[in-house]
Amino acid sequence: MIALDHPTAGVLRRWHAAGNLRLADLRFDPAPECLALWDFVLSEEDRLRAAQAAGGFIVGAMKDLGTIPVLVAAIPRARAFYPDGAWWLPCLQRQSGGQLAAADRLGIGEGFCPVRALLGCYAAGSDFPSPDLDICAVGATCDDFSAVAQRLAGLGRDPLWWELPAFRAPDPGEAAVTLPNGEAAPAVLVAAVAAELQRVRVALGRATGTALDDLALRASIRRANQVRARVREIRELALGAPYSPLPAVELLLTEILALHFCSDLDRCLEILDGVQAVVADRVARGVGHQPADAVRVLWLNPVADLRVLQWLEEAGGRLAGTDFMTAQAMAPISEDLPPITALAQVALCDRMIGSDRRRAALAVAEARPRGIETVVVARVPGASHGCSEGPAMAQAVATMGWPVVSIEVPVVADAASGQIRGRLEALLETALTRRTVRP
Amino acid sequence: MRVLFASPFIPPEFITAHGHRPSRVLSAAATDCHQGRCAVAAGFDEALVRGDLGIVVGSCDQMRRSADGRVAPTFRFHLPATWTTANAARQYGDELQRLSVFLQRHGGHAPADLATHLLDHDTRRARLRTGCSLLPARAAAEAIAAYAVSGVVPASDPVAQPPDGRVPIALLGGPLPVAAFDLYDLIEGCGARVVLDGCESGERGLAAPCDRRLAADDPLAALVDSYFLAIPDAFRRPDSLIFSWLERGIAERGVRAVVVRPDPWCDLWRAVVPRLHDWGRLPVVLVESDGESGSRARLATRIEALTEMLG
Amino acid sequence: MITAGVDGGSRAVKAVVVADGRIIGRAVRDSGPQPALVAEACLAAACADAGLERAAVSRLAATGYARAVIPGADRRVTEITCHARGIAALLPGTRAVVEVGGQDSKVIRLDPNGRVADFAMNDRCAAGTGRFLEVVAARLGTDLDGFAVLAGAAGEPAAISSMCVVFAESEIVGLMAQGHAREALAAGVVAAVAARVAALAGRELTGPIAFTGGVARIPGFADALARALGGAVVVPPQPQLTGALGAALIAAG
Ligand code: SF4
Ligand code: SF4
């Protein structure tokens, strides 16, 4: 791992100089492909502004995390991004961007999760261009986002609201379909989401003057599937290899690419190809950045402060399972079904739209084969799901005996570093002790 | 069986038509809520006991995310946040039909004479609505709570209260647990009077008058109209019904200020406060009560300051 | 007519005696556990300061959290109304008043006649209140007066990112361990609280802004507030007495 002052980290120093101050505190995978990944993620604003200046149509998709950008990518001159991605700016910029303070002034204070930063961006016109259309998924998405989006609407925006209903298992005797993640879902639920996506499709066509036909949508799905497949491959290697071949933060960035391709699908694939080659090479050579006996951790939630993931690694842990809320963006989209139905199915793979128990069960089932030893629930400050997900996870793993810790991660966690590192270390020690006492 | 639910969007008449006993939960959790847990949502979990049926309405995270592992059979009702589209109304109607199957599976019968049940409850609610404009706020809230919990409405006609010089205000927020009804007294003690009860447990949570002809022809459509399309709430997107409802309160009852009382852990109602500020039609005061005496004093200061300002 | 106002706050009780709109006597006492007794003593001290007997006060108004228990009051009025009234007398033309109280902070908008047009107060969280400053002061090994001295002596304020009392405490411990001067930390906290109060104001405040209450005496706080609010902020003389003055003026009718 290298720090910002390493000779090869020049590209990151540029981003640091541009205001991403937290980079100075982070450690990076030295592979040029991984540095390129960082560069690609951090340069999104430039791409979006350039696209808008060139007459492109910019869509601010919000909270569906993975679905709407596939629709948008079917329109040649349109690009989608996630304004809710502003979530990590207060950390990256070490609060210097003032997004949270601006949200405070708009009455959306610390009781809400850092997604409120997007209000500051919209208000100041900073960090991303003003979208030509906002598309907000509400319904079973979180209260924090719903509140923030309504506040945004009050600032004179006119978002297109669409309903992402709560996931539920089929009732007895009810017609069901199998989702790409293997879960059974009621056919009526898929139909309801499809009806909403159809509404979005029509609205997008109207707004851009380009009708979205099935042919274009199928092509877009095919390309999105390439990205998703690549992200899944990297993730499987990163989480499953004996020596962790990719640091946690870089893995998080990789998963983020699955959401909306950082608004450049072709370049996104190149970046992923690069990262995948690095990871595959390390796996083949049996090298990694952590020793083979690092404690294998299932990590729930993206972190408000990226540094916290590195504290885990510095303490001797490694990720072997993640739920960064991106599962739906990595699920393969059926290329056989009508495109809107296929998209509806992946939208329902969102683990955040069901109960905590469902989310915990899915995360555990996916991670278990990788020999998980312990679980970290990284609580998002202010998040409405924060009070129930920890107990649900503890219950889900009770029979496995995996120790679970819930930690609240502030957007800049330095103030709480003693507490957080102490808990992580204690957790890893507990896991190591269990190794020795296990029969 | 007794069917418990905590949302005003579940029509009790729909449950009675299936041969069950509807009862809305209007109690906060008796035990201390842990960090971040809304007392109303926790109160619902406490109220549900073995032998009941439960309906969890997923209009907020707090309700939606905790819908597993309850002691009684529980139906998860997805209440759409969007409401201006045909899709949303259809989803609500579909959920009612799914609820019907659940109620039948758990000891109920096929809905019998739904239209009659609709008209009966519509009549009861009409009485309650009349009471709301005439009774002291607490008495009106108690009457609505009694109806919500057990379906009964007061037998006697309400008597209009003479004007008493108190400042007429709207109270807005999620459900006010019955145990917290002394808030109405506290407000009166501070020189104001709730003339528009926008708590979920109050007048705001009453379904709109039902279209009697539609009730006879298509009772499900009538339920969609008077519940789903009519009840203003903070979770709805857009949230415009709240403002049109308040506008009516200003015009019809002379409302001069809004006091918002969200549960401390309720994001949805807290976020209404800045929206009301932007709306700018009335002064807005946020009160929070965690039940401590110190917080009651702080609450009184806010309301007294409001009445001094408007007096 | 001679009137008096007593402001029973959570930290201090303030009393003012007024004749013809002018302050002729004043006193301040720590609140203590028995605010009623302290209020009486404080009023007596203010009368003595004016060279008067208590009986010379023809009308008394009480304000602040202890207003309900202050003995002998002819009127009991909230501190919001009293601060507004006090400022209207001291600084006519003011359009907004900020007060950082022990438990509550307030932003009060005034109409052109100096009457309260609207107000906002913090929620139950202590961030942005005097209580927050007290906790921080204790962490810095001093009290509120000592904190004021530290804040006044600082050059560059330290960046305090957390406004949660719990996190801010540990952040300050961490920053002290890193060698940040206590003065810089105090100034950093002042800037953070000012930002929090500005957030409370929400929409832009127009027109002259006054800063009242005991916290307004902390050096640099008004400047920090002005920066956060984006407008000039004026501190009246003896800002801790503004509420009591307003009460005394209200008592006069
Ligand atoms: S972090 Fe949680 S609360 Fe925040 S926007 Fe995402 S899902 Fe919602
Ligand atoms: S008060 Fe708010 S959080 Fe609680 S149940 Fe109602 S909407 Fe949900």
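The values are calculated or read from the model by the stated rules, or taken from the named source; none is laboratory data. Here the structure is a predicted model, which means the values were calculated and not measured. Positions of Cβ are backbone-derived with ideal geometry, glycine not excepted, and every protein chain shown enters the neighbour counts.
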Members of segment C:128-170 found to be assigned to a helix (DSSP H, G or I), modelled with pLDDT under 80 and within 14 Å of chain A (Cβ to nearest Cβ), listed by number: C:Val165, C:Val166, C:Phe167, C:Ala168, C:Glu169, C:Ser170
With respect to C:Gly207, determine if the residue is farther than 19 Å from A:Arg105 by Cα and away from chain A (no Cβ under 14 Å). no
Specify which of the listed residues (C:Val38, C:Val18) is assigned to a strand (DSSP E or B) and either farther than 26 Å from C:Glu99 by Cα or not basic (Lys, Arg) (or both). C:Val18
Which of the helices (runs of 4 or more DSSP H) contained wholly in segment A:324-439 include at least 3 residues that are modelled with pLDDT under 90 and under 30 Å from A:Arg228 (Cβ atoms)? A:386-396
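Listed here are the residues, each with its yes/no results for (1) more than 14 Å from every other protein chain (Cβ to nearest Cβ); (2) touching a Gly at 6+ places or on another chain (Cβ under 6 Å); (3) assigned to a loop (DSSP other than H, G, I, E, B).
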site	(1), (2), (3)
A:Gln52	yes, no, no
A:Gly55	yes, no, yes
A:Leu65	yes, no, yes
A:Pro76	yes, no, yes
A:Ala80	yes, no, no
A:Asp84	yes, no, no
A:Pro90	no, no, no
For segment B:40-59, pairs from a residue that is farther than 11 Å from B:Phe5 by Cβ and within 11 Å of chain A (Cβ to nearest Cβ) to a residue that is assigned to a helix (DSSP H, G or I) and within 16 Å of ligand 1 (Cβ to nearest atom), with Cβ under 6 Å and 6 or more apart or across chains, are B:Ala41/B:Gln62; B:Ala41/B:Met63; B:Gly58/B:Arg64
In the set B:Ala141, B:Ala146, B:Ala137, the lone residue that is of a type outside the set (D, E, K, R) and surrounded by fewer than 19 Cβ atoms within 10 Å (Cβ to Cβ) is B:Ala146
Considering each of A:Leu152, A:Leu212, A:Leu133 in turn, give the residue that is more than 28 Å from B:Gly93 (Cα to Cα), surrounded by 16 or more Cβ atoms within 10 Å (Cβ to Cβ) and in contact with a Lys or Arg (Cβ under 7 Å, 6 or more places away or on another chain). A:Leu212
Condition check: away from ligand 2 (no atom under 16 Å from the Cβ), part of a helix (DSSP H, G or I) and at the interface with chain B (Cβ under 7 Å from one of its Cβ atoms). Does A:Ala147 satisfy that? no
Filtering segment C:178-195 down to residues that are away from every other protein chain (no Cβ under 14 Å), crowded, with 24+ Cβ neighbours inside 10 Å and more than 11 Å from C:Glu156 (Cα to Cα) yields C:Val190
Answer residue from segment B:42-63, given it is touching a Pro at 6+ places or on another chain (Cβ under 8 Å) and modelled with pLDDT of 90 or more and is nearest to ligand 1 (Cβ to nearest atom) among those: B:Gly54
Can you name the condition, by its number, that B:Gly173 falls short on among (1) on the phi > 0 side of the Ramachandran plot; (2) modelled with pLDDT of 95 or more? (2)
When A:Cys142 is evaluated against the numbered criteria (1) surrounded by fewer than 20 Cβ atoms within 10 Å (Cβ to Cβ); (2) within 11 Å of chain B (Cβ to nearest Cβ), which criterion, by number, is the only one it fails? (1)
Selection from segment C:74-83 of residues that are modelled with pLDDT under 95 and within 13 Å of the chain's Cα centre (by Cα): C:Glu79, C:Ile80
